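A.B. asks: The structure that follows is given in the form of structure tokens.
The values are calculated or read from the model by the stated rules, or taken from the named source; none is laboratory data. The structure presented is a predicted model; accordingly, all values stated were derived computationally and were not measured. Here Cβ is always computed from backbone atoms with ideal geometry, including for glycine, and neighbour counts include all displayed protein chains. SASA here: full protein model, heavy atoms, side chains in, ligands and nucleic acids out. Shrake-Rupley method; radii C 1.70, N 1.55, O 1.52, S 1.80 Å.
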Amino acid sequence: MFNDCLDGIRVLDLSQYIPGPFATMTLGDLGAEVIKIEPPFGDPMRTAFLTGEDGISPFYKQLNAGKTVINLDLKSEEGKAAFTQLVQKSDVILESFRPGVMGRLGFGPEELKALNPKLVHCALSGFGQTGPYAQIAGHDMTYVALTGGLSQTGHAEQGPVPIFPPMADHSGAMQAVNSILAALFRRERTGKGAFIDVSLFEAALSWNYLGLTAATHGRVEECGRGELTGAAAWYNIYKTSDERYFAFAPIEPKFWLNFCNAIGREDLIARQNEPLPQDKLIEDLQDLFKSKTLSEWSALLLDAECCMEPIHRPDEVLDHPHVKERQIAFGDEIRFPAWVDGNPPAGRNPMVQMDAVELLDKI
């Protein structure tokens, strides 16, 4: 397993909501000690979206499992003094304040470097530390809107739809993790710390390289009119007679051939190459797929090797035999998604709430 890779690395997490906590949760999965520092009123994620029996959101518990959580008022002298000690004894800081906030608190990049020259400081913000949008507020959907990706995600008739799970939040978290790991690896060789400027917008922007590259070559598809966004019959979503849906993706000719043979429709074989948008072929397949239930189509197509999968609801996913076998998801705990040396990922310990003074006495 990977849960010893970052043994001895201490991470201070000053972030809130999803992106930063997801990043530090991942560092914790790799073995880092994560101390989450929250303001006196706590992280708003504690009560966001879903409330558990104890009044705390299960989402918050998932994102902060394995961490030690303390409350510090970084505007107070006592809080500043405690944070200074923590900085001097830590390896990584991840914060998600708007640009300039850490500096106004007395802990800008230069001040932190003076306290700990080997510190890896990652600032994870919406639009980055510089530029005309640096101080603009946003959420996942608004970041993705600016990347161009949202303009192509949706239906030709109805227009764009929100992306779920939140793309910018999670791509930004992973960019932060990758950058921090690279900085720690460099520090092992050079002794140098780093200040890393990661933006949620730019992380999502980098994931939209397909659309951006096509645009530089003069091809910009309308919403739902691209090969992978709804214009192709062989890469689409279809409804069944029982109002369920399945994903259908026989892109390669061999998979399309398997599909046609499985349903006894050799007349469809040559139609895979019809010009885009394949509206007539899509309509014909829509009519065809409405003739059976999802379970009937699954029985016919899953073994045909034509790249078809039912669209599962979240409450169905955990019962899927592959999910059970791979041991990544257990109830509301979704573990580090990799096996190492033949072993599944380890579970996380619950988060621990601790007094700051008590924590400083221990480290």
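A.B. asks: To the nearest whole percent, what portion of all C-alpha pairs in segment 148-307 is separated by more than 28 angstrom?
C.D. replies: The calculated P(r) of segment 148-307 puts 41 percent of pairs beyond 28 Å.
A.B. asks: Would you mind putting 351-361, 255-265 in packing order, based on average other-beta-carbon counts within 10 Å, highest first?
C.D. replies: Most protected by this proxy first, the peptides run 255-265, 351-361.
A.B. asks: Return the sequence-ordered ³J(HN,Hα) values of segment 82-87 in whole Hz as given by the Karplus equation 6.51 cos²θ - 1.76 cosθ + 1.60 applied to θ = phi - 60°, using x for Gly and Pro.
C.D. replies: Once θ is set to phi - 60°, the couplings for segment 82-87 become 5, 5, 4, 4, 5, 4 Hz.
A.B. asks: Residue separation times 0.36 nm, minus the C-alpha to C-alpha distance between Asn273 and Leu257: what's the value?
C.D. replies: 4.5 nm
A.B. asks: For segment 112-161, just list the percent of Cα-Cα distances falling in each 5 Å bin from zero outward, please.
C.D. replies: 4, 17, 16, 15, 12, 12, 9, 6, 3, 3, 2, 0
A.B. asks: In Å and from the alpha-carbon atoms only, list the Rg and Dmax of segment 260-352.
C.D. replies: Rg then Dmax for segment 260-352, in Å: 19.5, 63.
A.B. asks: Residues with amide H under 5 Å of Gln353's amide H, sequence separation 5 or more or different chain, H placed in the peptide plane at 1.01 Å from N; which?
C.D. replies: Excluding prolines and chain starts, which carry no amide H, the hits are Val69.
A.B. asks: In degrees from 0 to 90, rounded to the nearest 10, what is the angle of the helix 19-29 Cα long axis to the longest principal axis of the chain?
C.D. replies: 80 degrees
A.B. asks: Mind listing the long-range amide H neighbours of Cys122? Cut-off is under 5 Å, sequence gap 5 or more, other chains count too, H placed in the peptide plane at 1.01 Å from N.
C.D. replies: Ile93, Leu94, Glu95, Ile196
A.B. asks: Also, quick follow-up: Share of Cα-Cα pairs in segment 185-279 beyond 23 Å, in percent?
C.D. replies: Cα-Cα pairs of segment 185-279 separated by over 23 Å account for 51 percent.
A.B. asks: So what's Rg/Rh here for segment 52-165, counting alpha carbon atoms and using the Kirkwood radius for Rh?
C.D. replies: Using only Cα positions, Rg/Rh for segment 52-165 is 1.08.
A.B. asks: Just the accessible area per residue of segment 151-249, please: how many Å² with a 1.4 Å probe?
C.D. replies: Using a 1.4 Å probe on heavy atoms only, each residue of segment 151-249 averages 55 Å².
A.B. asks: Another question, if that's okay. Restricting the count to DSSP beta bridges whose residues both fall in the chain, what percent are antiparallel, rounded to a multiple of 5?
C.D. replies: 35 percent
A.B. asks: Could you give each residue of segment 276-289 its phi-based ³J(HN,Hα) in whole Hz, using Karplus coefficients 6.51, -1.76, 1.60 with θ = phi - 60°, and x for Gly or Pro?
C.D. replies: 7, x, 8, 4, 5, 5, 4, 4, 5, 5, 4, 5, 4, 6
A.B. asks: Hey, another quick one. Past 18 Å, Cα to Cα: identify those pairs from Lys75/Lys118; Lys67/Lys324; Lys89/Lys362, in the order given.
C.D. replies: Lys75/Lys118; Lys67/Lys324
A.B. asks: Would you mind working out the accessible area per residue for segment 78-139, using a 1.4 Å probe, and quoting it in Å²?
C.D. replies: Per-residue value: 47 Å².
A.B. asks: Next question, about the same structure. Can you tell me the Rg and the Dmax, both Å, for the Cα atoms in segment 17-78?
C.D. replies: Radius of gyration, then largest Cα-Cα span, for segment 17-78: 12.2, 36 Å.
A.B. asks: Report the Rg/Rh value for segment 220-272, based on alpha-carbon coordinates and the Kirkwood definition of Rh.
C.D. replies: Taking Rg over the Kirkwood Rh, I get 1.02.
A.B. asks: Next question, about the same structure. Express the carbon and sulfur contribution to the solvent-accessible surface of segment 169-297 as a percent, rounded to the nearest whole number, probe 1.4 angstrom.
C.D. replies: Of all accessible area on segment 169-297, carbon and sulfur atoms account for 55 percent.
A.B. asks: If you plug each phi of segment 210-225 into the Karplus form 6.51 cos²θ - 1.76 cosθ + 1.60 with θ = phi - 60°, what whole-Hz ³J(HN,Hα) values come out, in order, with x for Gly and Pro?
C.D. replies: 5, x, 5, 5, 4, 5, 5, 9, x, 10, 10, 7, 6, 4, x, 10
A.B. asks: Just to confirm a number: summing +1 for Lys and Arg and -1 for Asp and Glu over residues other than Pro109 whose beta-carbon lies under 15 angstrom from that of Pro109, what do you get?
C.D. replies: That sum, taken over residues with Cβ under 15 Å, equals +1.
A.B. asks: Now for a separate question. Stokes-Einstein at 25 °C, 0.890 mPa s, Kirkwood radius from Cα pairs: D for segment 98-202 in µm² s⁻¹?
C.D. replies: 160 µm²/s
A.B. asks: While we're looking at this one, here's another question. Along the charge dipole of segment 1-135, pointing to its positive end and built from +1/-1 on Cβ of Lys, Arg, Asp and Glu, which listed residue (Pro109, Ala23, Pro40) has its Cα farthest out?
C.D. replies: Of the candidates, Pro109 comes out farthest on the positive side.
A.B. asks: Quickly work out the Asn343-to-Ser295 label distance, labels modelled 7 Å from Cα along the C-beta direction, and quote it in nm with one decimal.
C.D. replies: Each label point is offset 7 Å from its Cα along the Cβ direction, giving 4.1 nm.
A.B. asks: In terms of Cα to Cα distance under 19 Å, which aspartates and glutamates are near enough to Lys254, apart from those fewer than 8 places away along the same chain?
C.D. replies: Qualifying aspartates and glutamates at Cα under 19 Å: Glu227, Glu266, Asp267, Glu274, Asp303, Glu305, Glu309.
A.B. asks: Follow-up question, since we're still on this one. Taking all protein chains in place and a 1.4 Å probe, what share, in percent, of the accessible surface of segment 324-363 do carbon and sulfur account for?
C.D. replies: 50 percent
A.B. asks: Can you give me the long-range amide H partners of Ile311? Hydrogens built in the peptide plane at 1.01 Å from N, cutoff under 5 Å, separation of 5 or more residues or another chain.
C.D. replies: Tyr245, Phe246, Ala247
A.B. asks: Just to be sure I follow: if Rg is taken over the C-alpha atoms of the chain and Rh is the Kirkwood radius over the same atoms, what is Rg/Rh?
C.D. replies: 1.04
A.B. asks: So, one more: For the chain, what relative contact order do you get, as a whole percent, if you take Cα pairs closer than 8 Å and at least 6 residues apart?
C.D. replies: For the chain, the relative contact order is 17 percent.
A.B. asks: On to the next question. Can you give me the accessible area per residue for segment 303-363, using a 1.4 Å probe, in Å²?
C.D. replies: Solvent-accessible surface per residue comes out at 69 Å².
A.B. asks: Sticking with this structure for a sec: If one puts a single equal scatterer on every Cα of segment 136-183 and applies the Debye formula without solvent, what log₁₀ I(q)/I(0) results at q = 0.18, 0.20, 0.29 Å⁻¹?
C.D. replies: At q = 0.18, 0.20, 0.29 Å⁻¹ the computed log10 ratios are -0.62, -0.71, -1.04.
A.B. asks: Mind ordering 103-111, 67-75 by average Cβ neighbours within 10 Å, highest first?
C.D. replies: 67-75, 103-111
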